[in-house]
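A short worksheet on the structure shown next.
Computed from the coordinates by the stated procedures, all read-outs in this text should not be read as laboratory data. Computed from a predicted model, the values in this text were never measured in an experiment. Cβ: placed from backbone, ideal geometry, glycine included. Neighbour counts: every protein chain shown.
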Amino acid sequence: MKKALRKMGKTLAVLTLLALVVAASADARDTLVRFKGGIGVIPVSSGQGTAATATVVNRNIVRGVQPPGQPWVIADLRAEVKVDGRIRVDGRGLLLAGGNGVGTGGSGGSPTAVNQSVFATLICEAAAPFTERNTTLTGVQLDDNGDFRIDDVLTPEPPAPADCTKPVLLIRNTAGAWFAAGIPAN
């Protein structure tokens, strides 16, 4: 009897392991792209001119999307986009890195001001024309420490995986400027 129970326990363990492997494989097939880590925005990418102050600047435009007026930092970003457009983004420490509101979520340091709201944009095209696939444009509000979570569906739906080989994930404010970008995970 004990021998039969041990054999049945081993069989159950093998079947459980097999089910987990199959489920993980199916999840991997459902995933379009993952992002692990984030890069905050530096609004100006370069300056021109011979004076001590640049007379012309080049804004840090990413695939047609403008940056904000101040630099921002992000401590961490994790995101997963499914083939059907479902997206989950977990951001930590998205804070102003300049100006009077430095170190805040865009409230300007005022205890009565409201922090920025952000949404996510996935762009799969490496060259124009670019299609912006967005979460809800009203966004989610940053916590005081710059944390946020987006659990939404992209509109329009992303292309097939073969057509999304150079994805960019931008975290944007409701005015449309990008604050942070995700780092694609391999």
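Things worth noting here:
- Sorted by Cβ density within 10 Å, fewest first, the residues PHE35, PHE179: PHE35, PHE179
- One Cα centroid belongs to segment 34-112, the other to segment 125-186; the line between them spans 13 Å.
- Evaluated over segment 32-184, the Cα radius of gyration and Dmax, each in Å: 15.8, 52
- Extension gain from ALA128 to ILE61, taking 0.36 nm per residue of separation minus the Cα-Cα distance: 22.8 nm
- Arranged from fewest to most other beta-carbon atoms within 10 Å of their beta carbon, THR104, THR31 become THR31, THR104.
- Relative exposure of ARG88, ARG34, judged by other C-beta atoms within 10 Å (fewest first): ARG88, ARG34
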